[in-house]
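Structure, as structure tokens:
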Amino acid sequence: MKTRENIHGWIALDKPEGLGSTQALAKVKRLFNAAKAGHGGTLDPLASGLLPIALGEATKTVSWAMEGRKTYRVLVRWGEARTTDDREGEISALSDERPSHGSIDALLSRFEGEILQTPPRFSAIKVKGERAYDLARAGEAVDLAPRLVVIEKIELLGLPDPDHAEFSVACGKGTYIRSLARDLAEALGTVGHVARLRRTQVGPFTEKDMISLEKLEELRHKAPGDNAMEGVLRPIETVLDGIPALAVKDAEAQRLRQGQSVLLRGASAPIAQDAVLVMWGRRPLGICSIEKGSLKPKRLFNL
């Protein structure tokens, strides 16, 4: 069996429709022959687009990726409610009502800002230790509590035909686009579901950063070594742009690597911080906190 390699960094994968996030992760891990991998935010199998994948020590920064802003392009189908709130489910209700461009535009501001949103019954949320989708598939009643989410912006891009409307959505962590489509339809006096969904941004990663599985396969097969594959990796610290950075000297770096704190001297010493990116030359050493004038290691990178 081939020995797995210590590959570190991020891949902005363009996940195709029909592939689960865990399956996509496994394919990328295999292509890089990586020892460790994780992803920064699940995409449903029927959704396509940006799935950030962390390899090696980048897995220690996954939580920062998941906290980032997300943007989507979504096609909503009016007149049909489905059990899963997307096209995968069975039809659960029908309506002859089709909203106009004007009525949709007039309503969108109600769904921006902090709103309460009830997740879909078919979701990965745990209910008494079980996934909601497992309970729903077993025919059990699933009662999910509404949760506060943030939707920065919804824009109506167009109505391809009376049955469909296309939107762009910018939102925060935990927002369900399937719930948004369902609730929009209800507010417009009809029913609806997500017919197509594509994610275009997660934190610092955007559409221009994305690479397909086919392109990765091509690089893997034509590369004489791993240089071509490593050339598409983004640095570990890519998702840490939002936290302060602090440079340390050799002696301080050695103390931190041994799990010891470092006293920050001088009037210019940074104030308390829950998380700072510590750089050792051009190399990310890890994530530390600043407490009572000292730098304390939280999550260091083994590079």
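Key figures for this structure:
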quantity: Lone unmet requirement of (1) at pLDDT 95 or above; (2) crowded, with 20+ Cβ neighbours inside 10 Å for Phe32; calculated: (1)
quantity: Among the residues listed as Asp96, Asp105, the single one being in the same structural domain as Ala145 (by TED's automatic domain parsing), of a type in the set (Asp, Glu) and not in a loop (DSSP other than H, G, I, E, B); calculated: Asp105
quantity: Options Leu13, Leu43, Leu19, Leu50: the member that is under 14 Å from the mean Cα position of the chain (by Cα) and part of a loop (DSSP other than H, G, I, E, B); calculated: Leu43
quantity: Scan of region 64-74 for residues that are surrounded by 19 or more Cβ atoms within 10 Å (Cβ to Cβ) and hydrophobic (A, V, I, L, M, F, W, C), ordered by number; calculated: Trp64, Ala65, Val74
quantity: Residues of region 62-75 classified as at pLDDT below 95 and touching a strand residue (DSSP E or B) at 6+ places or on another chain (Cβ under 7 Å), total; calculated: 4
quantity: Within region 1-13, considering residues that are crowded, with 21+ Cβ neighbours inside 10 Å and more than 11 Å from Gly38 (Cα to Cα), the one modelled with the lowest pLDDT; calculated: Ile7
quantity: Subset of region 35-45 (residues that are buried (at least 19 other Cβ atoms within 10 Å of the Cβ) and more than 18 Å from Thr206 (Cα to Cα)); calculated: Ala37, Asp44
quantity: Subset of region 164-193 [part of a helix (DSSP H, G or I) and in contact (Cβ under 8 Å) with a residue 12 or more places away in the chain]; calculated: Ile177, Arg178, Ser179, Leu180, Ala181, Arg182, Asp183, Leu184, Ala185, Ala187
quantity: Within region 152-210, tally of residues that are under 17 Å from Lys70 (Cβ atoms), buried (at least 16 other Cβ atoms within 10 Å of the Cβ) and touching a Phe, Trp or Tyr at 6+ places or on another chain (Cβ under 7 Å); calculated: 8
quantity: One residue from Ala136, Ala81, Ala124, Ala141 being modelled with pLDDT under 95 and under 15 Å from Ser179 (Cα atoms); calculated: Ala124
quantity: Test set (1) assigned to a loop (DSSP other than H, G, I, E, B); (2) assigned by TED's automatic domain parsing to the domain that holds Val194; (3) without any contact (Cβ under 8 Å) to a residue 40 or more places away in the chain - Gly89 fails condition number; calculated: (3)
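The values are calculated or read from the model by the stated rules, or taken from the named source; none is laboratory data. None of these values were measured; they are calculated from a predicted model. For neighbour counting, all protein chains shown are included, and Cβ atoms are generated from backbone atoms with ideal geometry for every residue, glycine included.
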